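Enquirer: Structure in structure tokens, see below.
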Amino acid sequence: MWHPTIGQLTLTQVIAYVDAVDAAFKALAEPRRREILRLIWSQELPAAQIAARFNDVTRSAVSQHLGVLRDADLVLKRSDGTRRLYRVNHEEMAKLRNFLDEYWTVSLERLRDLSEAAEQMKGHC
């Protein structure tokens with residue numbers, strides 16, 4: 001996922017951008033995936049250690065959650081012998097944060113504009 005100015009993109013690029021943002025939000029919608037991100041936010045951990053933190057799900061389910069996070073590019077995987085080590089992709093998380101910041105800024109600006117227009121309409125009535 002990258003964070004371009006939408007007006008500078010081709011339709012194909014816009015679709016790819018929206019797909020990447022959608023994948024990230026879908027990945028983050030599941031509470032266990034958010035917990036996995038918290039676990040590996042500041043440290044790289046092996047899959048077994050991540051799975052050990054979840055008593056209510058199987059190791060296979062945790063592996064699937066890690067796969068969804070990887071597919072959304074929110075988590076990076078590194079092999080160390082037979083171990084698979086996971087860490088947060090902070091670059092992609094920052095891009096997602098920038099997207100949200102811009103989204104809320106634009107939305108608030110639109111709300112302000114609508115509010116000002118409504119006030120002007122009241123003044124003319």
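Enquirer: Within region 20-30, can you find the residues that are in a helix (DSSP H, G or I) and over 13 Å from Phe99 (Cα atoms)?
Expert: Initial filter on region 20-30 (in a helix (DSSP H, G or I)): 20-28.
Matches in region 20-30: Ala23, Lys26, Ala27, Leu28.
Enquirer: Something else: Can you tell me which residues in region 56-73 are touching a residue at least 40 places away in the same chain (Cβ under 8 Å), crowded, with 17+ Cβ neighbours inside 10 Å and not in a loop (DSSP other than H, G, I, E, B)?
Expert: Within region 56-73, Val68, Leu69 qualify.
Enquirer: Can I ask one more? Take the residues in region 79-109 that are under 15 Å from Tyr17 (Cα atoms) and among the acidic types (Asp, Glu), then tell me which one is modelled with the lowest pLDDT.
Expert: Per the criteria, the residue is Glu102.
Enquirer: Given the conditions (1) part of a helix (DSSP H, G or I); (2) modelled with pLDDT of 95 or more; (3) of a type in the set (A, V, I, L, M, F, W, C), which single one is not true for Leu76?
Expert: Condition (1) is where Leu76 drops out.
Enquirer: With the condition kept exactly as written, say whether any residue in region 42-51 is more than 23 Å from Glu92 (Cα to Cα), in contact (Cβ under 8 Å) with a residue 24 or more places away in the chain and out of contact with any Ser or Thr (no Cβ under 6 Å at 6 or more places or on another chain).
Expert: Looking for residues that are more than 23 Å from Glu92 (Cα to Cα), in contact (Cβ under 8 Å) with a residue 24 or more places away in the chain and out of contact with any Ser or Thr (no Cβ under 6 Å at 6 or more places or on another chain), one finds at least one in region 42-51, hence yes.
The values are calculated or read from the model by the stated rules, or taken from the named source; none is laboratory data. Everything numeric here is computed off the predicted structure, so don't read it as measured data. Glycine gets a Cβ as well: all are built from the backbone with ideal geometry, and neighbour counts include every protein chain shown.
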